[in-house]
Amino acid sequence: MIVAEPKKLEEIKQMTDKFDRILMVGCGTCTTVCLTGGEREVNLMATALRLARKVEGRDVEIGEQTILRQCDFEYIDELKDVHNYQAIVSLACGAGIQGIARKFPEMPVLPGVNTKFIGFNEEFGYYTEQCKACGDCILHLTGGICPIARCAKGLLNGPCGGTNNGKCEIGSDKDCAWTLIYNQLERQGNLKQFKEIIAAKDFAKAGNIRSMDLRKAGD
Amino acid sequence: MGFKEALAKGEFVITAEVGPPKGTDISEMVHHVEALKGKVTALNVTDNQSAVMRISTLAVSKILLDLGVEPIYQMTCRDRNRLGLQSDLLGAAVLGIKNVLALTGDHTTLGDHKSAKPVFDLESVQLLQVIQGLNEGHDMAGNELKGKTDFFAGAIVTPEANPFEPQFAKFEKKIEAGAKFFQTQAVYDIKKFHAFMDRASKYNVPILAGILLLKSAGMARFLNKFVAGISVPDELIQELANSEKPLAKGIEIAGRQIRELRNVCAGVHIMAIGAEDKVPDILAAAGI
């Protein structure tokens, strides 16, 4: 899933400062699962913002709605009375926020979260990045452990000199992906794979303005 | 005699290193270089060492050439993409720089510009392949060069890395990718180093053991705590702690280590970290 973290109230307060009628929209998929942008978090954020504005003596009207997915236009259509508001705060990932922005081009759409990564929910409230969406998957070469996402330097040919007792040079709380990969390949009896030089990556596939067009699948 | 030639002849080769300063005042660096001239075969020039921004390694390597000292141009993959790396390599070649040490580089978050975007478009193994390609007359994209390079490329290895096996496998990859010499991370555990050499010697690639000058017991403890792949044994720390002149003791220890390594590997690489003017004393202590 896509993992996001809530923006600080202070930042949301600042970006909504000039509006008195705000619609806060949650997303029922990824940001609900990572406890950042579901119905409950919309309610918490809206309540906090109302309180903050009340303290300043400037009331604000905040509508609360949560739809199943903000990255799907058919669900965005379910939003009600959008034009009664001056701005929308979206608690979806960056794609969801832009889904709302595209559907309501005349409205300011503001991000209520910072989108972080594609990853796992390891345990309650703890998430880790697993995939950089680099567009050129090599997990078959690395024992199912991604060095692009999980090695601090995205190395392709083994650990750097900073690896320390299986931990990363940028923090002893982080696993060295290449130690994990080595152990995994060893377990699978495939250290031969580890010794193969992996060529420099084609970063054109990870570049900006990417799209996928299934209409061209016959090419 | 040049670095490559000295290694080929089987001489016990001494290299040391110079860290480019942060700022345009190079007087102290020049003083250090001059103190080492004639005492070492070549001097490494570090590349934004520890991810701390300093004068470019290319500029300082050229200054060394002008001062009559052979540089080993260190190149990390942290700050430049494949265009920048290759273009700097071609620049180095036309400036007369022969030796390149290919490194991945410390992560940006360890340095003094923590918000920088780390590049790592390539890494050490791939950079060695790129150098090999330039030597053959083509760039990474396969385009033909008008005039090829003639680099003597090397790499690093950490004989005391933990775990060691992945490190050794990477060492083998570096050889396959074109590394013609190695300089190692600091060596303190001679037994481990012997074990490493036993396995490495079949590749017939010259290895220069890293000698890191210990200036105090505190520094040794710091290295143990914060620097990956370095483990200073307790006996050495005690020796430094018991000494009234820890720097002199550190020089004595480094000299002793060099004597112990003399018949084990192709040479030593002395890292004095800011005390480059002490390298001649270390060599004297080693009986060289």
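The values are calculated or read from the model by the stated rules, or taken from the named source; none is laboratory data. Given the structure is predicted, the values throughout are model-derived calculations rather than measurements. We place every Cβ from the backbone using ideal geometry, glycine too, and count neighbours over all the protein chains shown.
Could you list all residues from the range A:125-163 that are of a type in the set (A, V, I, L, M), surrounded by 15 or more Cβ atoms within 10 Å (Cβ to Cβ) and assigned to a loop (DSSP other than H, G, I, E, B)?
Within the range A:125-163, A:141, A:145, A:152, A:155, A:156 qualify.
What's the number of the only condition in (1) closer than 12 Å to residue A:112 by Cα; (2) in contact with a helix residue (DSSP H, G or I) (Cβ under 9 Å, 6 or more places away or on another chain); (3) free of Cβ contacts under 8 Å to residues at least 40 places away in the same chain that residue A:46 fails to meet?
Only one criterion is unmet by residue A:46, namely (2).
For the range B:128-174, enumerate the residues that are assigned to a helix (DSSP H, G or I), among the β-branched types (Val, Ile, Thr) and within 11 Å of another protein chain (Cβ to nearest Cβ). Explain how you work it out, then say what you get.
Taking the range B:128-174 as the starting set, the residues that turn out to be assigned to a helix (DSSP H, G or I) are B:128-136, B:165-174.
The next check asks that each one be among the β-branched types (Val, Ile, Thr); those that pass are B:130-131.
The one that is assigned to a helix (DSSP H, G or I), among the β-branched types (Val, Ile, Thr) and within 11 Å of another protein chain (Cβ to nearest Cβ): B:130.
For the range A:164-180, which positions are more than 7 Å from chain B (Cβ to nearest Cβ) and not in a helix (DSSP H, G or I)?
Of everything in the range A:164-180, those that are more than 7 Å from chain B (Cβ to nearest Cβ) and not in a helix (DSSP H, G or I) turn out to be A:167, A:168, A:171, A:172, A:173, A:174, A:175, A:176.
Could you check, for the range A:96-115, whether at least one of its residues is out of contact with any helix residue (DSSP H, G or I) (no Cβ under 7 Å at 6 or more places or on another chain), surrounded by 16 or more Cβ atoms within 10 Å (Cβ to Cβ) and not assigned by TED's automatic domain parsing to the domain that holds residue A:26?
Checked against the condition, which is being out of contact with any helix residue (DSSP H, G or I) (no Cβ under 7 Å at 6 or more places or on another chain), surrounded by 16 or more Cβ atoms within 10 Å (Cβ to Cβ) and not assigned by TED's automatic domain parsing to the domain that holds residue A:26, the range A:96-115 yields no hits at all.
The conditions are (1) out of contact with any strand residue (DSSP E or B) (no Cβ under 6 Å at 6 or more places or on another chain); (2) buried (at least 19 other Cβ atoms within 10 Å of the Cβ), and residue B:110 fails exactly one of them. Which is it?
Residue B:110 satisfies all of (1) out of contact with any strand residue (DSSP E or B) (no Cβ under 6 Å at 6 or more places or on another chain); (2) buried (at least 19 other Cβ atoms within 10 Å of the Cβ) except (2).
So, residue B:120, is that one more than 10 Å from chain A (Cβ to nearest Cβ) and in contact with a Lys or Arg (Cβ under 9 Å, 6 or more places away or on another chain) or not? Please lay out each step first, then the result.
Working: more than 10 Å from chain A (Cβ to nearest Cβ): no; in contact with a Lys or Arg (Cβ under 9 Å, 6 or more places away or on another chain): yes.
When the stated conditions are applied, residue B:120 does not pass them.
Determine if the range B:155-162 includes at least one residue that is polar (S, T, N, Q), over 26 Å from residue A:183 (Cα atoms) and surrounded by fewer than 23 Cβ atoms within 10 Å (Cβ to Cβ).
No, every residue in the range B:155-162 fails to be polar (S, T, N, Q), over 26 Å from residue A:183 (Cα atoms) and surrounded by fewer than 23 Cβ atoms within 10 Å (Cβ to Cβ).
For the range B:83-105, which positions are within 14 Å of another protein chain (Cβ to nearest Cβ) and surrounded by fewer than 20 Cβ atoms within 10 Å (Cβ to Cβ)? Walk me through how you get there before you give the answer.
Residues of the range B:83-105 that are within 14 Å of another protein chain (Cβ to nearest Cβ), as a first pass: B:83-86, B:101-105.
B:83, B:84 - these are the residues of the range B:83-105 that are within 14 Å of another protein chain (Cβ to nearest Cβ) and surrounded by fewer than 20 Cβ atoms within 10 Å (Cβ to Cβ).
Do you know which residues across the range B:106-117 are at the interface with chain A (Cβ under 8 Å from one of its Cβ atoms), under 19 Å from the mean Cα position of the chain (by Cα) and not charged (D, E, K, R)?
Answer for the range B:106-117, where residues must be at the interface with chain A (Cβ under 8 Å from one of its Cβ atoms), under 19 Å from the mean Cα position of the chain (by Cα) and not charged (D, E, K, R): B:107, B:110.
On the basis of being aliphatic (A, V, I, L, M) and either without any contact (Cβ under 8 Å) to a residue 60 or more places away in the chain or more than 14 Å from residue A:4 (Cβ to Cβ) (or both), does residue A:118 make the cut?
No.
Just checking, does the range B:28-47 include any residue being farther than 24 Å from residue B:282 by Cα, in contact with a strand residue (DSSP E or B) (Cβ under 7 Å, 6 or more places away or on another chain) and of a type outside the set (Phe, Trp, Tyr)?
Yes, some residue in the range B:28-47 is farther than 24 Å from residue B:282 by Cα, in contact with a strand residue (DSSP E or B) (Cβ under 7 Å, 6 or more places away or on another chain) and of a type outside the set (Phe, Trp, Tyr).
From B:190, B:237, B:230, grab the single residue that is without any contact (Cβ under 8 Å) to a residue 40 or more places away in the chain and among the β-branched types (Val, Ile, Thr).
B:237
I need every pair where a residue in the range B:75-98 that is at positive phi has its Cβ under 9 Å from the Cβ of a residue that is part of a helix (DSSP H, G or I), sequence separation at least 6 or different chains.
Final answer for the pair search is B:96/B:62; B:96/B:65.
From (1) in a strand (DSSP E or B); (2) surrounded by 15 or more Cβ atoms within 10 Å (Cβ to Cβ); (3) of a type in the set (S, T, N, Q), pick out the condition that doesn't hold for residue A:121.
(2)
Of all residues in the range A:187-200 being at the interface with another protein chain (Cβ under 8 Å from one of its Cβ atoms) and part of a helix (DSSP H, G or I), which is surrounded by the most Cβ atoms within 10 Å (Cβ to Cβ)?
The selected residue is A:194.
Can you find, within the range B:58-82, the residue that is surrounded by the most Cβ atoms within 10 Å (Cβ to Cβ) among those that are more than 27 Å from residue A:160 (Cα to Cα) and aliphatic (A, V, I, L, M)?
That would be B:64.
When only residues in the range B:175-185 that are more than 11 Å from chain A (Cβ to nearest Cβ) and in a strand (DSSP E or B) count, which is farthest from residue A:196 (Cα to Cα)?
The residue in question is B:183.
Filter the range B:117-137 down to the residues that are more than 20 Å from residue B:170 (Cα to Cα) and either crowded, with 24+ Cβ neighbours inside 10 Å or touching a residue at least 12 places away in the same chain (Cβ under 8 Å) (or both) and list them by number.
Within the range B:117-137, B:118, B:119, B:134, B:135, B:136 qualify.
More than 14 Å from chain A (Cβ to nearest Cβ) and more than 21 Å from residue A:195 (Cα to Cα): does that describe residue B:191?
Criteria met by residue B:191.
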